[in-house]
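Computed from the coordinates by the stated procedures, all read-outs in this text should not be read as laboratory data. Model, not experiment: these values are computed from the prediction. For neighbour counting, all protein chains shown are included, and Cβ atoms are generated from backbone atoms with ideal geometry for every residue, glycine included.
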Amino acid sequence: MVDTRDADLTYGATDYLVYVAALDTPAPTAFADPASAWMNAGWVTTDGGVFKMEEESKDIEAAGSLEPIRSLMIKSSKTNQVTFLEYLNPLVRSLYDNVPVSSLKPTAGIVTYDLPDKPNDLRYAFLFDSFDGDKRVRLYMPNGKVTERGDEQGQTQQESSLQMTFKFYKGATASAVSRSIDYGDTDMSRFFPVTP
C-alpha cells in the first residue's frame with residue numbers, strides 16, 4: 001500500500017474573502033480575480049466561514065423486516081456562516097437589514113431607510129475564497145440569500161460585527177454549490193494512478 005500522507009495537504013486559511021453579485025451571475029474562471037460584477041464584502045473575522053451540508057433521510061419500514069427496507073433522501077441543504085467586521089459597509093448592511101444596497105446610498109453622508117416589515121426575498125450569487133500560501137479553495141453559489149442573522153450589538157469594548165448565515169439554492173444553470181481547489185505546488189499524481 002502506498003502511503004499518501006502529505007503535510008502539504010493540510011490547510012490553514014490565512015485569508016477569507018466574500019464576494020456578492022446579482023443572482024445567477026456566472027462564476028469567474030477558477031481562481032481568476034472576480035470581474036466588476038462582483039463586489040467584495042470587506043473584512044471578516046479570523047474564524048472565516050463555517051460551511052455546512054445537512055442531509056435528512058426517511059427510513060421506510062415494513063412488516064417482516066427488522067431493518068428499514070429503503071431510505072429516502074428528503075432534504076439536503078447547504079449553508080455558510082460568516083461574521084463581518086465592517087459594520088457600516090453598505091453591502092454588508094444591505095444583506096443584514098434585508099434591503100437593496102441602493103437603499104443605503106447616502107445624501108450628504110447620511111442615509112435613512114426602513115427595515116422591511118415583511119422579509120424581502122433578496123437573492124444573490126456568492127463567492128467564498130480562502131487561501132493558504134499557494135493553495136486555494138473557492139466556493140461558488142449562484143443563488144443564495146441570508147436566512148439567519150446574529151444579534152446586532154453596539155458596544156464599547158470591542159468592534160461591532162454582523163453575523164449572517166447564507167442558504168444556497170440551485171441556480172438557473174448551475175448547481176447550488178460548486179467547489180474549486182488549487183493544490184498549489186503539491187504533487188497530486190500519487191492519488192490518481194495511471195490505468196490502462
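A few notes on this one:
- q = 0.08, 0.10, 0.14, 0.16 Å⁻¹: log10 I(q)/I(0) that the Debye formula gives for the chain, counting C-alpha atoms only: -0.38, -0.56, -0.93, -1.10
- Highest-fluctuation residue, A41, A21, A63 considered, GNM on the chain with Cα pairs under 10 Å: A63
- With the simple spin-label model, which puts each label point 7 Å out from Cα in the Cβ direction, the I181 to T46 separation comes to 2.6 nm.
- Inter-part distance where the stretch 134-189 and the stretch 40-105 are each reduced to a Cα centre, Å: 9 Å
- A dipole drawn for the stretch 8-191 from +1 and -1 charges on Cβ atoms has a positive end, and of L9, V50, A21 the residue lying farthest that way is A21.
- Value at 222 nm in deg cm²/dmol, rounded to 500, when DSSP H runs of n ≥ 4 in the chain each add -39,500 (n - 2.57): -1000 deg cm²/dmol
- Residue among D59, D132, D114 with the largest mean-square fluctuation in a Gaussian network model of the chain, springs linking Cα atoms under 10 Å: D59
- Inter-label distance, S57 to K105: 5.1 nm, where each label sits 7 Å from its Cα along the C-beta direction.
- Filter on K52/K135; K52/K105; K58/K135; K78/K105; K105/K135; K75/K105 - keep pairs with C-alpha separation over 28 Å: K52/K105; K58/K135; K78/K105; K105/K135; K75/K105
- Placing unit charges on each Cβ (+1 for Lys and Arg, -1 for Asp and Glu) gives the stretch 8-191 a dipole about its Cα centre, and among L72, L85, A108 the Cα reaching farthest toward its positive end belongs to L72.
- Top of P26, P116, P90 by mean-square fluctuation, Gaussian network on the chain, Cα under 10 Å: P116
- Sequence of D3, D8, D33 once ranked by neighbouring C-beta atoms within 10 Å, starting from the fewest: D3, D33, D8
- Exposure proxy order (Cβ contacts within 10 Å, fewest to most) of T4, T165: T4, T165
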